[in-house]
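Here the structure comes first, spelled out in structure tokens, and everything after it is commentary.
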Amino acid sequence: MMRLDVADGFLSFMAAFADGLRPDPDMHVDEWADQHMVIPKKSGAAEPGPYRTDRTPYAREVMRCLSPTHPCRRVIVMGASQMLKTQVALNWIGASIHQAPANILALFPTEKLVKRVSHRIGEAIKSVTVLNDRVAAPRSRDSRNTIDTKEFDGGTLHLATARSASNLSEISCRYVYGDELDRWEIDVGGEGDPIELAEARTSTFGFNAKIYFSSSPTIEGISLIDKLYRASDQRRYYVPCPHCGHMHTLEWDRMKWSEDLSEAWMVCPDCGALIEESHKTQMLAQGEWRSENPTAANGATVGFSISQLYAPLGWQSWANLVEKYIKAKHALEKGDKGPMQVFYNTRLALCFDAADERVAADALKKRAEAYPLRSVPQGALVLTAAVDVQGNRLEVIIMGWGEGLERWVIDYTIITGNPAEDGVWQELDHLLQTPLYNHYGKPMAISACGIDSGGHYTQDVYQFVRPRRRRKVLALKGASRPGKPVISSKPSLVDINWRGRAEKHGAELWIVGSDTAKDWLITRWNFSDGAGAIHFSQELPDSFYDQVTAERKLIRYRKGHAISEWVKTPGEANECLDLCVYNLAMAQFLGLHKKRPNEWEKLRETFEPINGDVFSLPDNQDTAQNADQPAQIKNPVKASANVSAIPSIKPSKLFIPT
């Protein structure tokens, strides 16, 4: 912008107007960075001083795409840690302030990261001469240059967290930078996709807008950066083999190393020669980005993926990566997937998928046994039930429990209807009071039932369980924090009287440690017999097996912190897994996990008499009991429309173990 030595408002206006008419400069971001950018010593960088793109040749094309003259609108970098993501952003921000100033919105997952990057930007501004006289000086009483706001000639740089919807909606910007997308909240303040909210800030700038998203990936099927990269033209960096010249990408599965881990080599996929890491500098300089999806998004979105295998000499060596991999592998063999996920995400820039380690649905289906649903097989001595409340149905699973918490899926039923209507709950009540018969003809009642109250029908659940506490029909809700017990030691009173106090005899809410229960369940899916084993009926639908295996335990980021939790791919159903969790909670509520062998033996004598007649039936049961049960109960994909047709026995005649 033209500088004036006199205070003249008209001349200042005309100078600014002239600057606004001047077209964007032709200097690309990488050229600007080589000419102007300085990496300050205070930044803590390993190589402070004048920035040199030749040190990381793979970053040049990324900065070219971020230049104002490049036709793309959105640039995606799915990269490993400490490779290029943040420095490219700093170069782009600096070049934009200097050459094509406009409002800039930079978004980060946490306040801590906002402060860290703001400090780096501040130090860069001090070190870069062409920026120093364009950005407001940082003075204690000058709000134009703070941690989250830095004003400059022609615009303002806003730094904020992506966790607040207001941060994504208040500012109109030409440039948007989103850092570490996979640590963002998936749904910001209940207002939807944070990426769409951020991009909406550029809508008034049309094709002049430029958006840069970067992150290391996390979990396959959930990773935000992976989703964006797949929608891009998917560029990967190809380098020549120093022996035969074949262009290829550096892949982990072609890495070889010495027995003592002191040396590592890359194998050429064409000639098979071992490539020494000393060749890397030459290879990187002669490398080029190639698109693997060139027709995607009509060129509006370009995407780059790069791992630490491309790190320049002196940064992360191949031998060091091998050492980290071996440590992660040892942890994985002990059941700890965390280090391997970190290696995949932050070193290889790959999504981590534990699908090969989780139990496949078809493997469980192959183990299904020939007992019919709504019959109790030998060994099942106590029955529990669990109910999941959906918008148009109730899903019910009845589970039979034996010694050592061996368990059988006794029934899987769907009651269709609006949970806001009394009729649906009446059908459920009838179903819960209808006895089931074991192979000895002994009637068995459901000892406890848990109903999920965490959805949109919380009050309807409370209304149902309130008069049924003596029957051990409980309202359940998943714990908001991990590490909680399978079921809480005591309930919370949720009914409030007119004085604002909890009613002692009102509805109760029991908290379930869902992640703890899933840890117990998933580690025992492969048990086919004995303590902890689970048995399936051949009458269960395929969807049951898909749902009980729908989740994986992986590392995710919440409010910037890495946590281990159970996750599922968006769109997949997992109601049956939840129902298995609630049944386990009911089993522990009844204290089945603490029963001694002699206590199980007493139950066995009651329901499975050694000298009893296996074909005997109760006096009030006719031969129809051996026929098929009504379709709505036996078929888990239909509503139980005619439950009144099911013969019932008064609860007083049933033995209900506690």
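Every read-out reported here was derived from the displayed coordinates using simple, explicitly stated rules and does not represent laboratory data. The structure presented is a predicted model; accordingly, all values stated were derived computationally and were not measured. Positions of Cβ are backbone-derived with ideal geometry, glycine not excepted, and every protein chain shown enters the neighbour counts.
Charged neighbours of Q308, selected by a Cβ distance under 11 Å, balance to +2 (K, R count +1; D, E count -1).
Can you tally the net charge around L592? Count Lys and Arg as +1, Asp and Glu as -1, for every other residue whose Cβ sits under 15 Å from the Cβ of L592. Charge balance near L592 sits at +4.
Counting other beta carbons within 10 Å of each residue's own, what order do F304, F152 fall into, fewest first?
Details: F304 27, F152 22.
Neighbour counts put them in this order, fewest first: F152, F304.
In whole Å and largest first, what semi-axes does the C-alpha gyration tensor of the stretch 206-343 yield when each eigenvalue is scaled by 5 and square-rooted? It would help to have the intermediate numbers written out before the result.
Details: eigenvalues 165, 101, 30 Å².
Working from the Cα gyration tensor, I get semi-axes of 29, 22, 12 Å.
Listed by Cβ neighbour count within 10 Å, with the fewest neighbours leading, S514, S291 appear as S291, S514. Proximity of backbone amide H atoms, modeled 1.01 Å from N, is registered between T156 and N103, I104 at under 5 Å, excluding neighbours fewer than 5 places apart on the same chain.
Working out 0.36 nm times the residue gap between E333 and D253, then minus their Cα-Cα distance, what length gain in nm do you get to one decimal? Spell out each step's value before the answer.
Details: separation 80, 0.36 × 80 = 28.80 nm, distance 1.88 nm.
Extra length from E333 to D253 when fully extended: 26.9 nm.
In what sequence, highest mean first, do 426-437, 404-415 appear when ranked by Cβ atoms within 10 angstrom? Could you put the intermediate results ahead of the total?
Values: 426-437: 19.1, 404-415: 23.2.
Final packing ranking: 404-415, 426-437.
Residues in the stretch 573-580 carry Karplus couplings, in order, of 7, 9, 4, 5, 5, 4, 5, 5 Hz; the curve used is 6.51 cos²θ - 1.76 cosθ + 1.60 with θ = phi - 60°, and Gly or Pro positions show x. Among Y344, Y545, the ranking by other beta carbons within 10 Å of each residue's beta carbon, starting with the fewest, stands as Y545, Y344.
Loop-located GluC sites (Glu not before Pro) in the stretch 315-397 (DSSP state other than H, G, I, E, B) with a sparse environment of at most 14 neighbouring Cβ atoms within 10 Å: E357.
Translational diffusion coefficient, Stokes-Einstein: compute it for the stretch 195-255 using the Kirkwood radius over C-alpha pairs as Rh, at 4 °C and 1.567 mPa s, and state it as an integer in µm² s⁻¹.
Details: Rh = 14.9 Å.
Taking Rh from Cα pairs, D becomes 87 µm²/s.
Set the bar at 21 Å for Cα to Cα. Now go through K227/K324; K334/K594; K365/K518; K337/K594; K41/K85; K490/K602 and name every pair that lies beyond it. Intermediate results must be reported in sequence, preceding the final value.
Working: K227/K324 27 Å; K334/K594 28 Å; K365/K518 19 Å; K337/K594 31 Å; K41/K85 19 Å; K490/K602 28 Å.
Where the Cα-Cα span goes over 21 Å, the pairs concerned are K227/K324; K334/K594; K337/K594; K490/K602.
Taking 0.36 nm per residue of separation and subtracting the Cα-Cα distance, full extension of the segment from E421 to Q286 would add 41.6 nm.
Over the alpha-carbon set of the stretch 36-111, divide Rg by the Kirkwood Rh and report the Rg/Rh ratio to two decimals. Write out the running numbers ahead of the final one.
Working: Rg = 13.0 Å, Rh = 13.8 Å.
When Rh is taken as the Kirkwood radius, the ratio is 0.94.
Remark on the stretch 373-452: hydrodynamic radius 13.0 angstrom, per the Kirkwood mean of 1/r across alpha carbon pairs.
Scale the Cα Rg of the stretch 343-486 by the rule-of-thumb value 2.2 N^0.38 Å and send over the ratio, two decimals. Mind dumping the intermediate values first?
On the way: Rg = 18.7 Å, N = 144, 2.2 N^0.38 = 14.5 Å.
Dividing the Cα radius of gyration by 2.2 N^0.38 Å gives 1.28.
What net charge is computed for the residues neighbouring W257, neighbours being all others with C-beta under 15 Å from the C-beta of W257, Lys and Arg scored +1, Asp and Glu -1? That works out to -2. For the peptides 120-128, 243-251, the ranking by packing is 120-128, 243-251, with the highest mean count of neighbouring Cβ atoms within 10 Å listed first.
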